[in-house]
Structure formats: C-alpha cells, structure tokens
1. Do we find that residue 72 is within 20 Å of residue 5 (Cβ to Cβ) and open to solvent by less than 60 Å² (accessible area, probe 1.4 Å) in this structure?
2. Do you know which residues across the stretch 91-112 are open to solvent by less than 80 Å² (accessible area, probe 1.4 Å) and touching a residue at least 24 places away in the same chain (Cβ under 8 Å)?
3. Which residues, counting only those in the stretch 54-69, are over 15 Å from the mean Cα position of the chain (by Cα) and of a type outside the set (A, V, I, L, M)?
4. I need the full set of residues from the stretch 10-35 which are more than 24 Å from residue 59 (Cβ to Cβ) and open to solvent by 70 Å² or more (accessible area, probe 1.4 Å), in order please.
Amino acid sequence: MPGTRKLGKTTDQRMAMLRQQVTDLLDKGRMETTVTRAKEIAPMAEKMISLGKKKDLAAYRQALAFITREDVAKKTFDELSVKYDDRNGGYTRITRIGPRRGDAAEMAVIELV
C-alpha cells in the first residue's frame, strides 16, 4: 500500500506510525502533519474507505487488520461509507499551510472531503 517514502524509519516503525495516523484521520476527519507524511497517508485512508463501501465481512476484517481501533473501523463502515457512496475515489484533500516554526518542515492539513 505505501509508496516509496521511508520517512527516516524502519519498516515496522513506519507502518505503525502510518496505521495510527490513518486511524486518527478517519476518526477526526482532519489532521495536521508534514506534506510527505500526508502524501503517504492519503492512499491508505482512501483504501480503508473503499473497503467500507464494500460492506462485507471480508472487507471489514481487512480494515480491522489495518485500523488500530475497532470503533473507528465501525465508523468507517457505518458513517463514512454512506457519506462517500456516490464518489468513486478522491476522499481526501491535502492543503499546504507553510513551514513549521521549529525545523522549517513543510506542513500540510489532510482532511476528508
């Protein structure tokens, strides 16, 4: 699922971080992070919403294997899948908001459309 960006972490650390960030994005609908992390999170979040639109047990179990909290997986299948029922993708939006003050890393807001 993820692209080629390693984000300065080992595979296990990177996947744990991305799983948690996707879970938080699906739960809150919006989050602030760096641009490169946002670009990694977006396709994973869209995949989880697409699984939610399938509405079968196999898709639910696949989502539970990736999403770290069961209530967020349930929300994805019950609420978000209904919200995006008429869309064929493009569930996320990345908006750049400028550099971070401490280390000048380019920041972005990723949100569910």
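The values are calculated or read from the model by the stated rules, or taken from the named source; none is laboratory data. Computed from a prediction, not measured in an experiment: that's the story for all the values here. Methodologically, a virtual Cβ is constructed for each residue, glycine included, from the backbone with ideal geometry; neighbour enumeration extends over all protein chains shown. When the accessible area is computed, the model is the full protein with side chains, heavy atoms only, and any ligands, DNA or RNA have been set aside. Shrake-Rupley method; radii C 1.70, N 1.55, O 1.52, S 1.80 Å.
1. No; evaluated as a whole, the condition is false for this residue.
2. The answer is 91, 92, 94, 105, 106, 107, 108, 109, 110, 111, 112.
3. Across the stretch 54-69, the qualifying residues are 54, 55, 56, 60, 61.
4. The answer is 10, 11, 12, 13, 30, 32.
Conditions tested, residue by residue: (1) outside any loop (DSSP other than H, G, I, E, B); (2) modelled with pLDDT of 95 or more; (3) of a type outside the set (Asp, Glu).
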residue: 2; (1), (2), (3): no, no, yes
residue: 19; (1), (2), (3): yes, yes, yes
residue: 31; (1), (2), (3): yes, yes, yes
residue: 59; (1), (2), (3): yes, yes, yes
residue: 71; (1), (2), (3): yes, yes, no
residue: 85; (1), (2), (3): no, no, no
